[in-house]
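> Handing you this structure, nothing more for now.
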Amino acid sequence: MKNLLILCVLISIPCFDLIAQVNITAGTQVRIMGTTQIVIQDLDLIQNGSLTPEQSTVIFSGSNSSSILGSSIELYNLTVNKTGANLIIGDSTNVSNNVTFTLGNIDLAGKSLNLLSTGSLQNESENARAFSSSNGGRILREYEFIGAVNSVDAGNLGLTLSTGGVMGLTQIIRSHDAQTFPGGDGIDRYYEVIPNNNSGLNATVRFEYFDGELNSLPEGDLLLYISQDNGSTWTSLGASNSNTNTNFLEQSGINEFGRITAATQATFPVEWLDFTAEPFKNRFSLLTWVTGSEQNNQGFLIERGLENSPNQWETIGFVEGEGNSTTPTIYEFVDQSPSSGENFYRIKQVDFNGTFDYSQIRSVFFEASFAANLYPNPANISTYIDFELADDQRVKVLLFDGAGKLIRSNEYELFAGKNKIEIPVSELADGIYYIRLEGKGLSTNLKLQVD
């Protein structure tokens, strides 16, 4: 009680005023010393001044709902201890350490609860948890995945990750908007995983949820789904392991993250049974996929992404579908000009009415098919590519920036034997670029530093 009274004097208001607010007005500076505990019972906290929480704990208690409002809100420990009422995140709030659920829920109310460097959720349960009464509410945590990791649930958000790849600095966002699928919606929870490196991860995901988030869906029929375009299209991940008592779904072999949610079997026009990609005759990529059934299926667009730009897709072919079928159908496509390095493939299934769905992503790796020398590197005026050709042919040279965006494309009629191509770089900003050579039976990527 002594610490609470000191706080009330600092902010120049009575502890219990008629408008039921603890209001830190603009220009007011408040420092909560050490590990002080501040109990705010049935009041709102409005922070428009300067609040320094040190290692304090702010506890919201009582039987009426309270709100956190204002700007630049930062707390160290936040505890909700409300009987039959909610703590409402009325404006975006940062918490440096723990968000503890004792009694009552936290309503994100369309706002963001940001867990900072050591921030985590504690004691969240079916009867004391976070939800959002309006779209857009989310909990965000950043985590540095250094090397391979095993069973990391960053911030106790309920998404446990294991991966053999190096993800680097990763944003993990938990939201509570039901995602829309053909034939219905998913549960009231999804995650977005945004790693610095988002390819070749071979990850395992354990997705946790509460019964109160099932959105009237039959729990035993839930599967995991992933989207790489913010929920516009979805691919089924299935579930290799699940438990309806402890409320989780698990799946392995995920090479690229995106938005992940749980839903029952969506009504897609094509039932995907299998999709593989493998080297063929040491020069080509052989793609094979199997459908179990098809409805109104016009066909399949084959899309390829490259190692230096895995999120930039180009269409390289089309295979006609069966239209309507109730029996398994096997399809094949050969990419006759894969690049050296990692080649990523996905299949875009298209209906006659224009709707579409994506397969999962597969990859094929090729060693460089011929030697190409890039010099000088780094460069600031021009750089040159030296290489040899077995026969006369046209060679395309493409220049990408570090984000994988194509910024220049040129074609050259070249002769068999030694060749040298000059690439001017004086007008380019300093940074990393990628040069890709394409030709008959050859393809390679080169990394260029401009400074």
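> Between a first residue in the stretch 281-297 that is assigned by TED's automatic domain parsing to the domain that holds N324 and a second residue that is buried (at least 16 other Cβ atoms within 10 Å of the Cβ) and of a type in the set (G, A, S), which pairs have beta carbons less than 7 Å apart while being 6 or more apart in sequence or on different chains?
Correct list of pairs: S285/A277; L287/A277; W289/S359; S293/S325; E294/G321; E294/S325; N297/G321.
Residues checked against (1) farther than 28 Å from V364 by Cβ; (2) touching a Cys at 6+ places or on another chain (Cβ under 9 Å); (3) touching a residue at least 12 places away in the same chain (Cβ under 8 Å):
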| site | (1), (2), (3) |
| --- | --- |
| G184 | yes, no, yes |
| I187 | yes, no, yes |
| N196 | no, no, yes |
| G200 | no, no, yes |
| Y209 | yes, no, yes |
| P218 | yes, no, yes |
| T235 | no, no, yes |
| A239 | no, no, yes |
| N245 | yes, no, no |
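> Name the strands (runs of 3 or more DSSP E) wholly within the stretch 353-420 that hold at least 3 residues that are surrounded by 12 or more Cβ atoms within 10 Å (Cβ to Cβ) and in contact with a strand residue (DSSP E or B) (Cβ under 9 Å, 6 or more places away or on another chain)?
Answer list for the stretch 353-420: 356-358, 362-366, 382-389, 393-401, 406-414.
> Within the stretch 48-96, which residues are part of a loop (DSSP other than H, G, I, E, B) and either in contact with an Asp or Glu (Cβ under 9 Å, 6 or more places away or on another chain) or not assigned by TED's automatic domain parsing to the domain that holds A109 (or both)?
Looking only at the stretch 48-96, we keep the residues that are part of a loop (DSSP other than H, G, I, E, B), and these are 48-49, 53-56, 63-65, 71-72, 76, 90-92, 96.
Selection gives P53, S63, N64, S65, S71, Y76, G90, S96.
> Here is a follow-up. How many residues are under 16 Å from the mean Cα position of the chain (by Cα), closer than 19 Å to L115 by Cα and of a type outside the set (A, V, I, L, M, F, W, C) when one looks only at the stretch 156-195? Talk me through it step by step, then tell me what you get.
At the first step, the residues of the stretch 156-195 found to be under 16 Å from the mean Cα position of the chain (by Cα) are 157-163, 165-177, 179, 189-195.
Pick out the ones that are also closer than 19 Å to L115 by Cα and you get 157-161, 168-176, 189-195.
In the following step, the residues that additionally are of a type outside the set (A, V, I, L, M, F, W, C) were identified as 158, 160, 168, 170-171, 174-176, 189-192, 195.
Residues meeting the conditions: 13.
> Still on this structure, I have one more. Quick check, is E256 of a type in the set (D, E), in a loop (DSSP other than H, G, I, E, B) and closer than 27 Å to Q336 by Cα?
Details: of a type in the set (D, E): yes; in a loop (DSSP other than H, G, I, E, B): yes; closer than 27 Å to Q336 by Cα: yes.
Answer is yes for this residue.
> So which residues in the stretch 251-265 are crowded, with 17+ Cβ neighbours inside 10 Å and either out of contact with any Pro (no Cβ under 7 Å at 6 or more places or on another chain) or within 16 Å of Q360 (Cβ to Cβ) (or both), if there are any at all?
Q251, I254, N255, E256, F257, G258, R259, I260, T261, A262, A263
> Restrict the check to the stretch 213-232 and report whether at least one residue is surrounded by fewer than 20 Cβ atoms within 10 Å (Cβ to Cβ), in the same structural domain as S337 (by TED's automatic domain parsing), assigned to a strand (DSSP E or B) and of a type in the set (A, V, I, L, M, F, W, C).
No: zero hits.
> Here is a follow-up. Using the structure shown, decide if S162 is farther than 28 Å from I347 by Cα, in a strand (DSSP E or B) and of a type in the set (S, T, N, Q). Write out each step before concluding.
On the way: farther than 28 Å from I347 by Cα: no; in a strand (DSSP E or B): yes; of a type in the set (S, T, N, Q): yes.
Considered against the rule, which asks whether it is farther than 28 Å from I347 by Cα, in a strand (DSSP E or B) and of a type in the set (S, T, N, Q), S162 comes out as no.
> T327: free of Cβ contacts under 8 Å to residues at least 40 places away in the same chain, touching a strand residue (DSSP E or B) at 6+ places or on another chain (Cβ under 9 Å) and under 24 Å from Y434 (Cα atoms), yes or no?
Here the answer is no, as T327 does not meet what is asked.
> For the stretch 415-438, what are the residues that are in contact with a Phe, Trp or Tyr (Cβ under 9 Å, 6 or more places away or on another chain) and not charged (D, E, K, R)?
N419, I421, I423, V425, Y433, Y434, I435, L437
The values are calculated or read from the model by the stated rules, or taken from the named source; none is laboratory data. Every value quoted in this text rests on a predicted model; they were computed, and no experiment measured them. Reconstructed Cβ throughout: ideal geometry from the backbone, glycine too, with neighbour counts over all protein chains shown.
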